[in-house]
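Undergrad: Once you've had a glance at the structure underneath, I'll fire off some questions.
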Amino acid sequence: MKDIHKIFTTFKKEFPRVYSSHEALGREIHENSGPLPEKIRWLIKIAASGASKHTIALETHIMKARNAGVTDAEIKHALLLLIQTAGFPTFMEAYSVFKKMPKA
């Protein structure tokens, strides 16, 4: 997948070994560390990045989730779940990131 954030491309060029280690850890956790199906793992990552207000991660996770077959309806549901735990303003920030992204 092409980098969607220029700063990430810069990071990879400037710190190739750190990037490589980070990617390997991410792959190990995401793919080999438990029984959750791929779509569920991406929805959890969307909720976690939305609740943490990490917009760059949220954009990346939405793109990767769509590539894994997660629907926009499922993404919206995951974001709605933020309201009761992270608060309505946090949901609105995450929802605005989602709505500004190109359609799948």
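The values are calculated or read from the model by the stated rules, or taken from the named source; none is laboratory data. Predicted model, so just to flag it, every value in this text is computed and none were measured. Note: ideal-geometry Cβ built from the backbone for every residue, glycine included; neighbour counts use all protein chains shown.
Undergrad: Search region 13-36 for residues that are within 19 Å of Lys64 (Cα to Cα) and pair each with any residue that is among the β-branched types (Val, Ile, Thr) and surrounded by 10 or more Cβ atoms within 10 Å (Cβ to Cβ) when their beta-carbon atoms are under 9 Å apart and the residues are at least 6 apart or on different chains.
TA: Listed by first residue and then by second, the contacts come to Leu36/Ile44.
Undergrad: Looking at Ile83, Ile4, Ile62, Ile44, which one is of a type in the set (Val, Ile, Thr), in contact with a helix residue (DSSP H, G or I) (Cβ under 9 Å, 6 or more places away or on another chain), touching a residue at least 40 places away in the same chain (Cβ under 8 Å) and surrounded by 11 or more Cβ atoms within 10 Å (Cβ to Cβ)? Quick ask: steps written out before the conclusion?
TA: Details: Ile83 fails: touching a residue at least 40 places away in the same chain (Cβ under 8 Å); Ile62 fails: touching a residue at least 40 places away in the same chain (Cβ under 8 Å); Ile44 fails: touching a residue at least 40 places away in the same chain (Cβ under 8 Å).
Being of a type in the set (Val, Ile, Thr), in contact with a helix residue (DSSP H, G or I) (Cβ under 9 Å, 6 or more places away or on another chain), touching a residue at least 40 places away in the same chain (Cβ under 8 Å) and surrounded by 11 or more Cβ atoms within 10 Å (Cβ to Cβ) holds for just one of Ile83, Ile4, Ile62, Ile44, which is Ile4.
Undergrad: Can you tell me which condition Tyr95 does not meet? The list is (1) at pLDDT below 95; (2) assigned to a helix (DSSP H, G or I); (3) surrounded by 13 or more Cβ atoms within 10 Å (Cβ to Cβ), and all the others hold.
TA: (1)
Undergrad: Sticking with this structure for a sec: Tell me which residues, restricted to region 35-74, are among the β-branched types (Val, Ile, Thr) and touching a Lys or Arg at 6+ places or on another chain (Cβ under 8 Å).
TA: Of everything in region 35-74, just one residue is among the β-branched types (Val, Ile, Thr) and touching a Lys or Arg at 6+ places or on another chain (Cβ under 8 Å), namely Val70.
Undergrad: To continue, here is another question. Based on this model, can you work out whether Gly50 counts as over 26 Å from Thr9 (Cβ atoms) and at pLDDT 95 or above?
TA: On the way: over 26 Å from Thr9 (Cβ atoms): no; at pLDDT 95 or above: yes.
The answer is no for Gly50.
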